[in-house]
Amino acid sequence: MTTLQAIADTLPVPEGKVLLSVSGKIGKTNVDSEAHFDRTMLEALPRQTLHTSTVVTDGVNRFEGFLMSDLLAHVGAQGERAEARALNDYVVDIPLEDFRDFEVLVADSMDGERLTPRDKGPLWIVYPRDDHSELQDIRYDYRWVWQLESLDIR
Ligand SMILES: Nc1nc2c(c(=O)[nH]1)N[C@H]1C(S)=C(S)[C@@H](COP(=O)(O)O)O[C@H]1N2
Ligand SMILES: [Mo]
């Protein structure tokens, strides 16, 4: 690989604690064959707000974070599905078409408060369930991974 190609395929290296790792079928990496993100890198992605109710909170909440589609484009993801893994070792397979069909958020704050590992943070996959009745289904509830730690693109 030439130096120019190497630069084009590389992301900046995280300086802070790594909150999210993306592995598998991706075109851009920074640590070995993975793309690691600290908070500063995640906050540099386009910010998005989503208002929705959830099955585990009361009323409508305001979530802020970044779109899963923007993250996947940023790392050059090319697969069919993402294996999402949480800090508590919860694992679920999510078809990547979810992120083309819906504005699925990776939330880092709820109602203006940063999410912490105590309250579903630091990252929580949030679907726009109030806007799409088809998302109000147990099949999608499984995919609302809280304490999200990594995505393996397959
Ligand atoms: N990190 C993590 N995320 C998770 C789960 C889990 O056990 N750990 N359970 C999933 C399931 S099965 C559902 S239905 C929803 C809501 O789970 P809860 O009602 O246990 O919060 O979150 C999903 N996300
Ligand atoms: Mo569940």
Exercise. Evaluate the relative contact order of segment 17-153 (contact order divided by residue number), counting alpha-carbon pairs under 8 angstrom at least 6 apart; express in whole percent.
Key: 28
Quiz prompt | In Hz, Karplus ³J(HN,Hα) per residue of segment 11-28 (6.51, -1.76, 1.60; θ = phi - 60°; x = Gly, Pro) | solution = 9, x, 7, x, 9, x, 4, 7, 9, 8, 10, 10, 10, x, 7, 10, x, 10
Practice problem: Work out how much length residue 33 to residue 101 would gain on full extension: take 0.36 nm times their residue separation and subtract the Cα-Cα distance, in nm to one decimal. | Solution: 21.7 nm
Quiz prompt | Candidate aspartates and glutamates - alpha carbon under 16 Å from residue 28, same-chain residues fewer than 8 apart omitted | solution = 9, 38, 70, 152
Quiz item: From the phi of every residue in segment 139-152, what ³J(HN,Hα) in whole Hz does the Karplus formula 6.51 cos²θ - 1.76 cosθ + 1.60 yield, where θ is phi - 60° and glycine or proline is x?
Solution: 4, 7, 4, 4, 8, 7, 6, 9, 6, 4, 10, 8, 10, 10
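I want the local charge near residue 114. Using Cβ-Cβ distances under 15 Å, sum +1 for each Lys or Arg and -1 for each Asp or Glu among the other residues. Spell out each step's value before the answer.
Values: positive: 17, 39, 47, 62, 118, 120; negative: 38, 43, 64, 108, 111, 113, 119.
Net of charged neighbours comes to -1.
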Quiz item: Which whole-Hz couplings ³J(HN,Hα) result when phi for each residue of segment 77-86 is put into the Karplus expression 6.51 cos²θ - 1.76 cosθ + 1.60, θ = phi - 60°, listed in order with x for Gly and Pro?
Solution: 5, 10, x, 9, 8, 10, 8, 9, 10, 10
Self-check item: Interatomic Cα distance distribution for segment 1-136, bins of 10 angstrom, percent
Solution: 11, 41, 35, 10, 2, 0
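What does the charge count near residue 30 come to, summing +1 for each Lys or Arg and -1 for each Asp or Glu among other residues with Cβ under 12 Å from its Cβ? Show your work: numbers first, answer last.
On the way: positive: 28; negative: 9, 15, 32, 34, 38.
Here the charged neighbours net out to -4.
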Practice problem: Tell me what the chain gives for mean residue ellipticity at 222 nm when only DSSP H runs of n ≥ 4 count, each as -39,500 (n - 2.57), the sum divided by the residue total, rounded to 500 deg cm²/dmol. | Solution: -3500 deg cm²/dmol
Exercise. Multiply the residue gap between residue 81 and residue 114 by 0.36 nm, knock off their C-alpha separation, and tell me the result in nm, one decimal place.
Key: 9.1 nm
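Taken together, the values in this text are just the output of simple stated rules run on the coordinates, not laboratory data. A quick note: this is a predicted structure, and the numbers were derived from the prediction, not measured. With ideal geometry, Cβ positions are generated from the backbone for all residues, glycine too; neighbour counts draw on all protein chains shown.
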